[in-house]
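Trainee: Quick one: the structure is below, and I'll ask about it shortly.
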Amino acid sequence: MCICKQRAGLKVLATASMMLSATIAVLAAADYPERPIKIIVPAPAGPILDILPRIISEKLAARWGQPVIVENRPGGANLIGTEAVMNAAPDGYMLLVAPPGSLVINPYFFPKPGYDPSVLVPVTLLAKLPPVVVTNSKRPFATLSDLISFAKANPGKLSYGSPGASSAPQLAMEQLMRAANINLIHVPYAGGLAPAERDLIAGHIDVMFDVVGNAWPLLQDGSLRALAVGATTRLPELPDVPSVAETIPGYVHDEWFAVLAPPKTPPEIIDKLSSAIAETLKMPDVAKRFGTFHVVPGGSSPAETAAFIKSENARWRQLSTTMGTKPESK
């Protein structure tokens, strides 16, 4: 009888503890945010991954009356910035804006990435970015088919740039090369896509995977030429540019940014963040500014974001197996 009473008492205490924790979480969410919020971008200042969070940070700061600070922590193929958020307190005051590399690529292409991205808490998708294969406009190929034919006729003579080994653009090109049975020399660049773009314009490399938002001014002034888009269909802004899938059936490459919080962040705070960001992305001036970079605003719910990341994770896991790419060290 005594043991039964003790067990019953423990159950009551456990239930009370859970109820107290839930109450504290609700109260914390009600007052959130009470101090500045930091958004970690695992890339240098300047590229779209840095620009888009700054656009929404201005609106969120005005909404909450608290500073929302974007902090750049580049390096290690997104590992440095991502690890910082992984180890942050689960209180909603440090967030991560992550590209695919942080969440669904590093686990399969780095032997010890230093973190398990699956425990990060999805908040929302920030944006989807149409990727595009671009070349120097003075190169002798006008289409992706031309590039493939030239590469086959001139093995080892063409090169491509990317932000580094096992980055999404590098793996996208690796996937393309394997499907087309061609071989291009990889030239990695530190500092994102911009340094590769500069060398592409200068003629030091021949081709690269870019995003339309970055490449658009260079396509408009004639410095670069678009050969194909990575999306499954043609883009409204580039109606005459075919998809890679029109040349290589089944090929797809998507770029996107997600907002995530540290592990164990309370769902009440996650929901508050997700709703605020989604409402911000619907603002006409924000949508217009996103549109100037040719990106599609996100705004998905936490559950929808988690499901999307799960599907992308499965796709990259399959690609890592199919491609047989060996993990890179840090």
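The values are calculated or read from the model by the stated rules, or taken from the named source; none is laboratory data. These figures come from a predicted structure and were not determined experimentally. Cβ placement follows ideal geometry from the backbone for every residue including glycine, while neighbour counts extend to all protein chains displayed.
Trainee: Given the criteria small (Gly, Ala, Ser), at positive phi and in the same structural domain as Gly299 (by TED's automatic domain parsing), does Gly101 qualify? Please lay out each step first, then the result.
Mentor: Numbers: small (Gly, Ala, Ser): yes; at positive phi: no; in the same structural domain as Gly299 (by TED's automatic domain parsing): yes.
Answer is no for this residue.
Trainee: So for segment 73-96 (the condition being at positive phi and surrounded by fewer than 19 Cβ atoms within 10 Å (Cβ to Cβ)), does at least one residue qualify?
Mentor: Residues of segment 73-96 at positive phi: 75-78, 92.
Narrowing further to those that are surrounded by fewer than 19 Cβ atoms within 10 Å (Cβ to Cβ): 75-76.
Within segment 73-96, one or more residues are at positive phi and surrounded by fewer than 19 Cβ atoms within 10 Å (Cβ to Cβ).
Trainee: I need the full set of residues from segment 258-270 which are in contact with a strand residue (DSSP E or B) (Cβ under 7 Å, 6 or more places away or on another chain) and in a loop (DSSP other than H, G, I, E, B), in order please. Lay out the reasoning, then the answer.
Mentor: Let us first name the residues in segment 258-270 that are in contact with a strand residue (DSSP E or B) (Cβ under 7 Å, 6 or more places away or on another chain), namely 258-263, 265, 270.
Across segment 258-270, the qualifying residues are Pro262, Pro263, Thr265.
Trainee: Inside segment 108-135, can you point out the residues that are surrounded by fewer than 19 Cβ atoms within 10 Å (Cβ to Cβ) and of a type outside the set (Gly, Ala, Ser)? Spell out the reasoning first.
Mentor: To start, the set of residues in segment 108-135 that are surrounded by fewer than 19 Cβ atoms within 10 Å (Cβ to Cβ) comprises 111-112, 114, 116, 118-119, 128.
Correct list: Pro111, Lys112, Asp116, Val119, Lys128.
Trainee: Ok, one more. Test Gly222 against the criterion of being in contact (Cβ under 8 Å) with a residue 40 or more places away in the chain, surrounded by fewer than 16 Cβ atoms within 10 Å (Cβ to Cβ) and farther than 30 Å from Val68 by Cα, and give yes or no. Before you say what the answer is, go through the steps one by one.
Mentor: Details: in contact (Cβ under 8 Å) with a residue 40 or more places away in the chain: yes; surrounded by fewer than 16 Cβ atoms within 10 Å (Cβ to Cβ): yes; farther than 30 Å from Val68 by Cα: yes.
So Gly222 passes the test.
Trainee: While we're looking at this one, here's another question. Just to confirm my filter: which helices (runs of 4 or more DSSP H) fall fully inside segment 108-218 and include at least 1 residues that are within 30 Å of Val286 (Cα to Cα)? Give the derivation first.
Mentor: Numbers: elements: 144-153, 168-180, 194-202.
Once the helices (runs of 4 or more DSSP H) in segment 108-218 are filtered for at least 1 residues that are within 30 Å of Val286 (Cα to Cα), what remains is 168-180, 194-202.
Trainee: May I ask you to verify whether Leu96 is at pLDDT 95 or above, of a type outside the set (Val, Ile, Thr) and closer than 19 Å to Trp256 by Cα? Lay out the reasoning, then the answer.
Mentor: Working: at pLDDT 95 or above: yes; of a type outside the set (Val, Ile, Thr): yes; closer than 19 Å to Trp256 by Cα: yes.
For Leu96, the condition - at pLDDT 95 or above, of a type outside the set (Val, Ile, Thr) and closer than 19 Å to Trp256 by Cα - is met.
Trainee: Report, by residue number, each residue of segment 271-288 that is more than 16 Å from Val68 (Cβ to Cβ) and in a helix (DSSP H, G or I). Talk me through it step by step, then tell me what you get.
Mentor: Here is the first cut: in segment 271-288, the ones more than 16 Å from Val68 (Cβ to Cβ) are 271, 282, 284-285, 287-288.
Across segment 271-288, the qualifying residues are Asp271, Pro284, Asp285, Ala287, Lys288.
Trainee: Within the group Lys272, Lys288, which residue is surrounded by fewer than 16 Cβ atoms within 10 Å (Cβ to Cβ) and of a type outside the set (Gly, Ala, Ser)?
Mentor: Numbers: Lys272 fails: surrounded by fewer than 16 Cβ atoms within 10 Å (Cβ to Cβ).
From the options Lys272, Lys288, the qualifying one is Lys288.
Trainee: While we're on this one: Counting just the residues of segment 293-327 that are surrounded by fewer than 17 Cβ atoms within 10 Å (Cβ to Cβ) and assigned to a loop (DSSP other than H, G, I, E, B), which one comes out modelled with the lowest pLDDT?
Mentor: Pro327
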